[in-house]
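Structure first, then comments.
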Amino acid sequence: MNKIVVVTGGAGYIGSHTVVALSDAGYTPVIIDDFRNAQPWIIDRIEQITGHRPAVFDIDCQDEVKVAKVFDQYETIFGLIHFAADKAVGESVNNPLKYYQNNIGSLCTVLKVAEERGVRNIVFSSSCTVYGAVSDPVVTENHPVKAAMSPYGDTKITCEKIVRFTQAVSDSMTAILLRYFNPIGAHPTALIGELPQGIPNNLVPYIAQTAKGVREKLTVFGNDYNTPDGTNIRDYIHVVDLAKAHVSALAYLSSKEKQICDIVNLGSGHGTSVLEIIESFEKVNDLKLNYEIGPRRPGDVEQIYADASKAKNLLGWTCEYEVEDALKHAWEWEKTIEKMETK
Ligand code: UD1
């Protein structure tokens, strides 16, 4: 059967890798993306990798009439994976209304359209940011959700509640909230990857741009934390592994007769420090990185990584790639961007 999966934000970083994973697994992904934070040529790359060109609708997810028209083109829709959202923490602090309006508005619209059409399997893209500052670095899904430190984080907490309450009274829906830890890397073909707008906020794109010479120097945000080398510890996960987890999540949802709303952490279960990331990047790519130790970044959590056992038990999913693979692929991808830019 032709299993249609609507992927909002399907041209973005995690979205594009998930579209590839869905296609590889025999699904028919349909992308809704208004390309506010994605490039149209990513679609050509998806086709190059998979041999299939996904249907793409250049639409703002807040536009209910247009979103409904997309859903109405298909007789049966197997699932919805909702990625479309703004994601820059700093920007969200300066422009909270942009984040509340787009992230919450988009979710409400696509959920409403999906619910009215009886779409069953709903996957929501959430973040470990909902755990806030943690006292024990290893977090299970039972860890309490803490008051958010940014409007971005608050939209993730609010969107989780919106999915939960909507699913609870829906006759058709079953849902899963996937809490990502730190996605990094790129597709091994180096045809798709992360395309940060402006100065990257996240560590690995900043490292890759420094290695390329786009940025002069990486600043390590503090080395006086209570960790073995003094730098923050995070759970970095290869974006291809993360993408595959969405395919496992859909299979899990469709296998359950009972309607549910589950929450699952997506991480490797291992913590890596900022200095370890830098050293690994230098080692696997055989280069030296220009970096210095700077002050702490306000709002950074000292250390956090996933208890990934629920993902394994429930979804049968674990990471296949190591951090080193992700850092190699991140660099391969960065070099490709350089080639494109100099064309
Ligand atoms: C951030 C977001 C999180 C989001 C995630 C997506 C915050 C508070 N959290 O997580 O909500 O889901 O990105 O991947 O922003 N670092 C440096 N120098 C740099 C950049 C980063 O030392 O130039 C350090 C940071 O201090 C941190 C680690 O690298 O310890 C990872 O940072 P980053 O990639 O921004 O991710 P998070 O802050 O964990």
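The values are calculated or read from the model by the stated rules, or taken from the named source; none is laboratory data. For clarity, every value in this text was computed on a predicted model and none was experimentally measured. Cβ: placed from backbone, ideal geometry, glycine included. Neighbour counts: every protein chain shown.
Here are some notes:
- Selection status of residue 19, touching a Gly at 6+ places or on another chain (Cβ under 7 Å) and within 30 Å of residue 188 (Cβ to Cβ): yes
A quick yes/no check of all residues on (1) of a type in the set (Gly, Ala, Ser); (2) closer than 15 Å to residue 67 by Cα; (3) surrounded by 20 or more Cβ atoms within 10 Å (Cβ to Cβ):
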{"site": "83", "(1), (2), (3)": "no, yes, yes"}
{"site": "105", "(1), (2), (3)": "yes, yes, no"}
{"site": "108", "(1), (2), (3)": "no, yes, no"}
{"site": "111", "(1), (2), (3)": "no, yes, yes"}
{"site": "115", "(1), (2), (3)": "no, yes, no"}
{"site": "125", "(1), (2), (3)": "yes, no, yes"}
{"site": "130", "(1), (2), (3)": "no, no, yes"}
{"site": "138", "(1), (2), (3)": "no, no, no"}
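- Residue satisfying condition, being near the ligand (Cβ under 7 Å from one of its atoms) and in a loop (DSSP other than H, G, I, E, B), within set 226, 201: 201
- A single entry from 285, 265 fulfils the requirement of being touching a residue at least 40 places away in the same chain (Cβ under 8 Å) and farther than 30 Å from residue 174 by Cα: 285.
- Taking the range 136-179 as the range and being assigned to a helix (DSSP H, G or I), under 21 Å from the mean Cα position of the chain (by Cα) and closer than 20 Å to residue 256 by Cβ as the test, the residues that pass are 160, 163, 164.
- The range 204-222: number of residues that are assigned to a strand (DSSP E or B) and surrounded by fewer than 19 Cβ atoms within 10 Å (Cβ to Cβ): 2
- Some residue of the range 184-201 being more than 22 Å from residue 251 (Cβ to Cβ), buried (at least 18 other Cβ atoms within 10 Å of the Cβ) and among the acidic types (Asp, Glu): yes
- Out of 216, 194, sole residue that is within 14 Å of the ligand (Cβ to nearest atom) and within 17 Å of the chain's Cα centre (by Cα): 194
- Failed item, numbered, when residue 318 is tested on (1) more than 30 Å from residue 168 (Cα to Cα); (2) surrounded by fewer than 20 Cβ atoms within 10 Å (Cβ to Cβ); (3) among the β-branched types (Val, Ile, Thr): (1)
- Picking from residues in the range 137-188 that are modelled with pLDDT under 95 and hydrophobic (A, V, I, L, M, F, W, C), the one that is nearest to the ligand (Cβ to nearest atom) is 149.
- Of the residues examined, residue 147 is one that is without any contact (Cβ under 8 Å) to a residue 24 or more places away in the chain, surrounded by fewer than 18 Cβ atoms within 10 Å (Cβ to Cβ) and in the same structural domain as residue 92 (by TED's automatic domain parsing).
- Residue match in the range 61-74 (condition: without any contact (Cβ under 8 Å) to a residue 60 or more places away in the chain and either within 17 Å of residue 250 (Cβ to Cβ) or within 16 Å of the ligand (Cβ to nearest atom) (or both)): no
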